[in-house]
Amino acid sequence: MNYVIIGAGPAGVRAAEALRQADPNGAVTLISGEPGEPYARMAIPYILTGRIDEDGANQRKSRGHFEDLGIRYLNNKALKVHAGDQGGAVDLDDGTTLEYDRLLVATGSHPTLPPIPGADNEGCVTCWTLDDARVIADKLTPGTKVVMLGAGFVAGVIMKPLVESGAQLSVIAGRSGQILRSMMTPVGSRMLQRWLETKGVNVITQGRTKEIKPARRLPFFSHRGPRLVMDNQTLDADLIIIATGVRPNVSFLEGTGAEIDEGIIIDDRMRTTVPGIYAAGDVAQGRDFSTGEWVVHALQPTATEHGRVAALNMTGNDVPYRGSLGMNVLDTVGLISHTFGLWKGREGEDNVESVDEEHFLYTRLCFEGDILIGAITIGNTQHVGAIRGLIQTRRRLGNWKEKLMRNPHEIMEAFVDVGQAS
């Protein structure tokens, strides 16, 4: 059997290893669209702070790891997939073609530039690859003026190294006027915004970005970097980081018949709508554990499990995927927040919030009947294991539901008690 994996992120790497374990005699080829060894994007903030070097971001630390497993590793980009009923082929950017019996697409996403004039000017960079990290790290010195366009999860991840570098950071929240809107209630967002402001971050929640003007080279200008022009102010910058969203890497699948929505549509065996082609990780629209719906969960644990399950099914096993739990963990310049499951709650069902503005503490629990289905915590990290456990096991809380409605901080006691009773 000839297996080809496009994409060497967590899903692709785990799949390659699982394929080799499940089929010791099959040919396994892992293709990375970037140079060098497979690395973890979530390590980029640690590179920016200097806590690790670039080698420290590698997913596998031992030299010759893939070679030792008999996995062929290529640094190429996939240009076109030719799909057939009994396998197919992949055209690569070096002019070669790889035939496959089973193909796994694990190509993740790429950052998108907003429709703003000048977004591709010199001095503007996304924060997605090692190349991006090198550009940003080269600029990070005390006093550097950094403007971040976008205030979602990716932006939240890289704020800490920017602040720790001594840079003067301004963050533009966008039209919603709310930071981290995709993972936080307005109450939580305001708390995180206030925390950022105590750390010297200029959080801008009003105004529309009109254009980015290029850097000026002439010596009589006091500021020579790019400028971000809004309808209510203009921000001078040495560096503009664009963190406004991502899209799945799927262009090479055009013409194959693969169904694509927010990501590649898959079933509970990680199969796409094309025979012999599977998908995993951020590029795949897989099952959500909490809702049963099909969504993209851009989470490393989800990608890793996707890759494992896909590999098992590619080798002829029958392994269903029960779904991933939506979960985010974010270190916002030292303030830790978690979101789990249906943190917005369900209409008509109960939820409870505890807010301590002075100490930057926030807990939100959401219920369906007497089952915990979602939660948010800010600052409270000691009980996140109990929260996740209750959501994933869907244990009935019984009388504990009313106790938690009065005091959500008794969640650990509830977890222990209902666990002993089950």
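Residue-by-condition table, conditions (1) assigned to a loop (DSSP other than H, G, I, E, B); (2) of a type in the set (K, R):
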{"site": "I52", "(1), (2)": "yes, no"}
{"site": "G56", "(1), (2)": "no, no"}
{"site": "R63", "(1), (2)": "yes, yes"}
{"site": "E67", "(1), (2)": "no, no"}
{"site": "L74", "(1), (2)": "no, no"}
{"site": "A89", "(1), (2)": "no, no"}
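For R216, only one of the following conditions fails: (1) more than 30 Å from A89 (Cβ to Cβ); (2) outside any loop (DSSP other than H, G, I, E, B); (3) not acidic (D, E). What is its number?
(2)
Suppose the filter is within 30 Å of G150 (Cβ to Cβ) and either touching a residue at least 40 places away in the same chain (Cβ under 8 Å) or not assigned by TED's automatic domain parsing to the domain that holds L162 (or both); does T49 pass it?
yes
Within segment 172-186, track down each residue that is at negative phi and part of a loop (DSSP other than H, G, I, E, B).
If the condition is that a residue be at negative phi and part of a loop (DSSP other than H, G, I, E, B), then A173, R175, S176, Q178, I179, M184, T185 are the ones that fit.
If you check F340 against the conditions, is it among the hydrophobic types (A, V, I, L, M, F, W, C), more than 24 Å from the chain's Cα centre (by Cα) and either within 30 Å of V163 (Cα to Cα) or crowded, with 18+ Cβ neighbours inside 10 Å (or both)?
no
Just to be sure, is T381 assigned to a loop (DSSP other than H, G, I, E, B), touching a residue at least 40 places away in the same chain (Cβ under 8 Å) and closer than 21 Å to M159 by Cβ?
It is true that T381 is assigned to a loop (DSSP other than H, G, I, E, B), touching a residue at least 40 places away in the same chain (Cβ under 8 Å) and closer than 21 Å to M159 by Cβ.
Residues P161, P142, P117: which one is surrounded by 14 or more Cβ atoms within 10 Å (Cβ to Cβ) and not in a strand (DSSP E or B)?
Just a single option satisfies the conditions, and that option is P161.
Taking the condition of being under 16 Å from L325 (Cα atoms) and surrounded by fewer than 22 Cβ atoms within 10 Å (Cβ to Cβ), how many residues in segment 369-400 meet it?
Residues in segment 369-400 being under 16 Å from L325 (Cα atoms) and surrounded by fewer than 22 Cβ atoms within 10 Å (Cβ to Cβ): 10 in total.
Can you tell me which residue in segment 45-77 is surrounded by the fewest Cβ atoms within 10 Å (Cβ to Cβ), limited to those that are out of contact with any Phe, Trp or Tyr (no Cβ under 8 Å at 6 or more places or on another chain) and closer than 22 Å to A155 by Cα?
It comes out as D53.
Is it true that some residue in segment 119-142 is basic (K, R), at pLDDT 95 or above and over 21 Å from G245 (Cα atoms)?
no
Out of curiosity, is R271 more than 30 Å from A375 (Cα to Cα), without any contact (Cβ under 8 Å) to a residue 60 or more places away in the chain and either surrounded by fewer than 15 Cβ atoms within 10 Å (Cβ to Cβ) or more than 25 Å from the chain's Cα centre (by Cα) (or both)?
no
Could you tell me whether any residue of segment 308-328 is of a type in the set (D, E) and under 20 Å from the mean Cα position of the chain (by Cα)?
For segment 308-328, residues of a type in the set (D, E) and under 20 Å from the mean Cα position of the chain (by Cα): absent.
So, in segment 146-158, of the ones that are among the small types (G, A, S) and outside any helix (DSSP H, G or I), which residue ends up surrounded by the fewest Cβ atoms within 10 Å (Cβ to Cβ)?
If we take residues in segment 146-158 being among the small types (G, A, S) and outside any helix (DSSP H, G or I), then G152 is surrounded by the fewest Cβ atoms within 10 Å (Cβ to Cβ).
Here's a check for you: in segment 120-139, which residue that is more than 22 Å from the chain's Cα centre (by Cα) and part of a helix (DSSP H, G or I) is surrounded by the most Cβ atoms within 10 Å (Cβ to Cβ)?
Residues of segment 120-139 that are more than 22 Å from the chain's Cα centre (by Cα), as a first pass: 120-123, 138-139.
Narrowing the set further to residues that are part of a helix (DSSP H, G or I) leaves 138-139.
On the way: D138: 9, K139: 19.
Out of the qualifying residues, it is K139.
Quick check on S222: is it among the polar types (S, T, N, Q), over 25 Å from the mean Cα position of the chain (by Cα) and modelled with pLDDT under 90?
Numbers: among the polar types (S, T, N, Q): yes; over 25 Å from the mean Cα position of the chain (by Cα): yes; modelled with pLDDT under 90: yes.
Yes; evaluated as a whole, the condition is true for this residue.
Count, please, the residues in segment 48-80 that happen to be at pLDDT 90 or above and under 22 Å from A303 (Cα atoms).
18
The values are calculated or read from the model by the stated rules, or taken from the named source; none is laboratory data. No experiment lies behind these values; they were computed from the predicted model shown. Glycine gets a Cβ as well: all are built from the backbone with ideal geometry, and neighbour counts include every protein chain shown.
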